[in-house]
Amino acid sequence: MKQPQVRVGKSSAGLGLFAEEDIKKGQFIIEYTGEKITTAEAQKRGGKYLFEINSKWTLDGKDRKYTARYLNYSCDPNCEPRNVSGKIKIYAIKNILAGTELTYDYGEEYVNEFIKPFGCRCEKCSLEPIQ
């Protein structure tokens, strides 16, 4: 199965990554790429686009040329990252219709540091009534 076409576009969280065609559950979508740095260097740099490969290595996807950096967080994600032989690959965990924003769960540490202080802006949360 070929890699689906995706595009960067406006989302509720700023910019996001969107499916240009229907994507089937389990299908590979995109690889998260970036500058490969040591995890120690990543801790010094900080930032929102760091993706830990393992305890020694991290990808820094801060450069806008790395398309997968535009995948946003969601409380109800349609994708998941998988570490495949040291490469971070994003797969669909649901059937995704063309035009849908591609999202995944960034994990508890990221959510606590970057999302909870400002509130979640994913589609699920933006549709829920304020309590």
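The values are calculated or read from the model by the stated rules, or taken from the named source; none is laboratory data. What you are looking at is a predicted structure, and each value in this text was computed from that prediction instead of being measured. So basically every Cβ, Gly included, is an ideal-geometry build from the backbone, and we count neighbours across all protein chains shown. Only protein heavy atoms, including side chains, enter the accessible area calculation; ligands, DNA and RNA are left aside. Shrake-Rupley method; radii C 1.70, N 1.55, O 1.52, S 1.80 Å.
Net charge near Ala98: determine it from the other residues with C-beta under 9 Å of the C-beta of Ala98, scoring Lys and Arg +1 and Asp and Glu -1. Working shown, then result.
Details: positive: none; negative: Glu20, Glu21, Asp22.
Local net charge: -3.
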Over the stretch 20-93, with every protein chain in place, what whole percent of the accessible area is carbon and sulfur at 1.4 Å, could you tell me? 44
Dipole of the chain (Lys/Arg Cβ +1, Asp/Glu Cβ -1, origin at the Cα centre): which of Tyr106, Phe51, Pro117 lies farthest to the positive side? Phe51
Net charge of neighbours whose Cβ lies under 15 Å from the Cβ of Ser55, counting Lys and Arg as +1 and Asp and Glu as -1: -1
About the Cα centre of the chain, how large is the charge dipole given +1 on each Lys and Arg Cβ and -1 on each Asp and Glu Cβ? Please answer in debye to the nearest 20. 360
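Before I look further, what does the chain give for accessible area per residue, probe 1.4 Å, in whole square angstrom?
Numbers: 8270 Å² over 131 residues.
On a per-residue basis, 63 Å².
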Evaluate Rg over Rh across the stretch 12-82, taking Cα atoms for both radii and Kirkwood's formula for Rh. 0.99
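What longest range of the chain stays clear of loop-exposed GluC sites (Glu not before Pro) (DSSP non-H/G/I/E/B, at most 16 other C-beta within 10 angstrom)? Please report the intermediate quantities before stating the final value.
Working: sites that count: Glu20, Glu21.
For GluC sites (Glu not before Pro) (loop position, at most 16 other Cβ atoms within 10 Å), the longest site-free span of the chain is 22-131.
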Cysteines not pairable in the chain (beta carbon separation under 4.7 Å absent): Cys75, Cys79, Cys122
Distance histogram in 10 Å bins (all Cα pairs of the chain, percent per bin): 12, 43, 35, 9, 0
How big is Rg to Rh over the stretch 69-131, alpha-carbon atoms, Rh as the Kirkwood inverse-mean-distance radius? 1.00
